[in-house]
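*Asks:* Before we start, here is the structure in question, set down as structure tokens.
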Amino acid sequence: MFIAKTKENEQVSLIPPISPTFLEKYSPPFYCPVCQQEVILKTGNHRRWHFAHLPQKACPVSHKGESEMHREAKMILYQWLRQQKVRVEMEKYFPKIERQADLFLQWQSKNYVIEYQQSPLSPEEMLKRTTDYLSLQIEPIWMYGKNRLRPKRYAQFSIQPFEWIGLRERRDDQRHAFIYFSPQTASFSFLFPRTTVQRSTIFADYYTLPLSKATISHVVHLPKTIDAPLDWNQEWLLHKWSWRYQRIRWQPYPDITSVKQLLLEQKADLSLYPSEAGWPTLCSETFATPIYVWQTIFLLQFLQHVLLYDTFSFSSLLDTFLLLIDHYSIQTREFPFISQPLEKSLFAYLELLTRMNVLQKCKGGWRKLAPLILPRAVDDGFRMDKRWQHHIF
Ligand SMILES: [Zn+2]
């Protein structure tokens, strides 16, 4: 931490420039302005001066054992905001919710806190922190340490459950993105999910923006980007293949168990899921349930009940799908900063089915153009997948 107080209750700050006479002017003891316990002044030539709680006296509020990287990020971001003439306060404490924000700022008559998060958290704790700030009409902006950016195979990234809560929405086109910050390279990174694949894997577009070119608006509203063409043909088919052939992946999650039961009622099993399911769609991150599973439930328990050439409206679909979520234990995610995530994800899938000529857009909704035929054998299903693949990508 960079702010403490003296015995006389005077605030002392280690935000640069630190006066050359600091050590003559102030002498210990120093106290934590939040928990009032004594803190130690740590000085040196190779690291930023800061205050630290005694090891055996952890601060009940300062929730993170603050690493050097965390302090560095906080200070760099503070100075970056000050350069832009943004009103910003370091380590502001909010007694009502008993939380201390890394940075509190006011911009365009709105209140924000920037929270830099490197270490893992439980989703419950993350959501609690978020809603605490929101209850004070303060919007938290979650910035993850660059260490949290975990690339996997081609264009794929792994996301931990708590990280979803920080997902933000671009003002211009409602695309979603995570923000990362690296104090070492002084740059932001933005990860825009393209689609989910597995419970914790997404395909995503990744952009880096140096701090020197970034403004507060890029962080609050997200930068404009142009998607690179994603050559995911082969990669996607690998996932389709594994859903058909690797029964070992059917872990006993409640959503898997219930979709297995659903297919059993149709004298099929999960490897025979309809080949119109399991295709990439925007905003599919609404569901923690794998993409081929919720799309299968959509097809079998909604679309199959629509007569051929009949039409349906979006609101009737939404009403039914909300019941299906409950009934089939489809797992959804909470996004405090995203508007209408469920509507967006269903709409994207309808658009895809329209491109596949399964549906046709018509006045007031969609018309069903093709009957649904389940594959009779696994090889049969994978052949159908390959045919669709040429059509879709
Ligand atoms: Zn304290």
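Please treat every number below as a calculation from the coordinates, not as lab data. All values reported here derive from a predicted model rather than from experimental measurement. Don't worry about glycine lacking a Cβ; one is built from the backbone with ideal geometry, like all the others, and counts go over all protein chains shown.
*Asks:* Alpha carbon centre of region 72-114 versus region 343-378: separation in Å?
*Replies:* After rounding, the separation between the Cα centres reads 46 Å.
*Asks:* List every residue whose amide H lies under 5 Å from the amide H of Arg150, counting only residues 5 or more places away in sequence or on a different chain, with H placed 1.01 Å from N in the peptide plane.
*Replies:* Distant-sequence amide H within range of Arg150: Ser158.
*Asks:* Given 0.36 nm per residue, what is the gain on full extension from Leu238 to Glu8 after removing their alpha carbon distance, in nm?
*Replies:* Residue separation times 0.36 nm, minus the Cα-Cα distance, leaves 76.1 nm.
*Asks:* What FRET efficiency, computed as 1/(1 + (r/R0)^6) with R0 = 22 Å and r the Cβ-Cβ distance, is obtained for Glu124 and Tyr253, rounded to the nearest 0.05?
*Replies:* The pair Glu124/Tyr253 has a calculated efficiency of 0.70.
*Asks:* Further question on the same structure: Could you check the spin-label model distance between Gln79 and Lys152? Points 7 Å from the Cα along Cα→Cβ, value in nm.
*Replies:* Simple spin-label model gives 3.8 nm for this pair.
*Asks:* Oh, and also: Please report Val219, Val88, Val12 as a ranked list, fewest other C-beta atoms within 10 angstrom at the top and most at the bottom.
*Replies:* Ordered by Cβ neighbours within 10 Å, fewest first: Val12, Val88, Val219.
*Asks:* May I ask you to derive the FRET efficiency for Leu134 and Asp269 from their Cβ-Cβ distance with R0 = 30 Å, giving the value to the nearest 0.05?
*Replies:* E(calc), rounded to 0.05, equals 0.10.
*Asks:* Over 26 Å between Cα atoms: which of Lys224/Lys368; Lys5/Lys57; Lys152/Lys240; Lys74/Lys152; Lys74/Lys110; Lys110/Lys152 fall into that group?
*Replies:* Going by Cα-Cα distance, Lys224/Lys368; Lys74/Lys152; Lys110/Lys152 fall outside the 26 Å limit.
*Asks:* Still on this model: Calculate the FRET efficiency for His327 and Ser217 from the Cβ-Cβ distance with a Förster distance of 25 Å, rounded to the nearest 0.05.
*Replies:* 0.05
*Asks:* Enumerate the calculated ³J(HN,Hα) couplings along region 233-246 in order (Karplus 6.51 cos²θ - 1.76 cosθ + 1.60, θ = phi - 60°), each rounded to whole Hz, writing x wherever the residue is Gly or Pro.
*Replies:* 2, 5, 4, 5, 5, 4, 5, 4, 4, 5, 5, 7, 9, 9
*Asks:* On C-alpha positions alone, give me the angle between the axis of helix 378-392 and the longest principal axis of the chain, in degrees, nearest 10.
*Replies:* Helix 378-392 sits roughly 70 degrees off the main axis of the chain.
*Asks:* Oh, and also: Working from the pairwise distances between different alpha carbons, so that the mean of 1/r is found and then inverted, what is region 68-221's Kirkwood radius in Å?
*Replies:* The answer is 16.0 Å.
*Asks:* Separate question: So for the chain, averaging the separation of alpha carbon pairs under 8 Å that are six or more residues apart and normalising by length, what relative contact order in percent results?
*Replies:* 11 percent.
*Asks:* Between Asp172 and Gln36, what is the label-to-label distance in nm when each label sits 7 Å out along the Cα-to-Cβ direction?
*Replies:* Once both label points are built, they end up 5.2 nm from each other.
*Asks:* At 222 nm, what helix-only mean residue ellipticity would the chain give, in deg cm²/dmol to the nearest 500, using -39500 (n - 2.57) for each DSSP H run of four or more?
*Replies:* Computed ellipticity for the chain at 222 nm equals -9500 deg cm²/dmol.
*Asks:* A further question on this structure: Round to the nearest 10 and give me the degree value, 0 to 90, for the angle of helix 123-135's Cα axis relative to the longest principal axis of the chain.
*Replies:* 70
*Asks:* OK, next. Hey, how many Å between the Cα centroid of region 134-155 and the Cα centroid of region 280-314?
*Replies:* 29
*Asks:* Apply the a/c threshold of 1.5 to the C-alpha gyration tensor of the chain and tell me whether it is rounded, prolate or oblate.
*Replies:* Verdict is prolate for the chain.
*Asks:* To continue, here is another question. Using the alpha-carbon atoms, what tilt in degrees (0 to 90, nearest 10) does helix 291-301 show relative to the longest principal axis of the chain?
*Replies:* Between the helix axis and the principal axis of the chain, the angle is about 40 degrees.
*Asks:* Neighbouring Cβ atoms within 10 Å as the yardstick, rank Lys85, Lys386 fewest first.
*Replies:* The fewest-first ordering by Cβ neighbours comes to Lys85, Lys386.
*Asks:* What is the distance, in nm, between label points placed 7 Å from the Cα along the Cα-to-Cβ direction at Lys224 and at Lys57?
*Replies:* 5.4
*Asks:* With θ set to phi - 60° and the Karplus curve 6.51 cos²θ - 1.76 cosθ + 1.60, what are the ³J(HN,Hα) couplings of region 337-349 in order, to the nearest whole Hz, using x for Gly and Pro?
*Replies:* Coupling constants for region 337-349: 10, 10, 8, 6, x, 5, 4, 5, 6, 5, 4, 5, 5 Hz.
*Asks:* Give me the dipole magnitude in Debye, nearest 20, for the chain about the Cα centre, with unit charges on the beta carbon: positive for Lys and Arg, negative for Asp and Glu.
*Replies:* Dipole about the Cα centre, nearest 20: 640 debye.
*Asks:* How big is the gap, in Å, between the Cα center of region 235-274 and the Cα center of region 1-63?
*Replies:* Each part reduced to its Cα centre gives a spacing of 57 Å.
*Asks:* Rounded if a/c is under 1.5, else prolate if a/b is larger than b/c, else oblate: which is region 288-384, with a ≥ b ≥ c the root eigenvalues of its Cα gyration tensor?
*Replies:* oblate
*Asks:* Still on this structure, I have one more. Collect residues whose amide H, placed 1.01 Å from N in the peptide plane, falls under 5 Å from the amide H of Trp107; neighbours closer than 5 in sequence don't count.
*Replies:* Tyr112
*Asks:* Shape of region 191-331 from its Cα gyration tensor (a ≥ b ≥ c, root eigenvalues): rounded if a/c is under 1.5, otherwise prolate when a/b > b/c, or oblate?
*Replies:* Taking the square roots of the gyration eigenvalues as a ≥ b ≥ c, region 191-331 is prolate.
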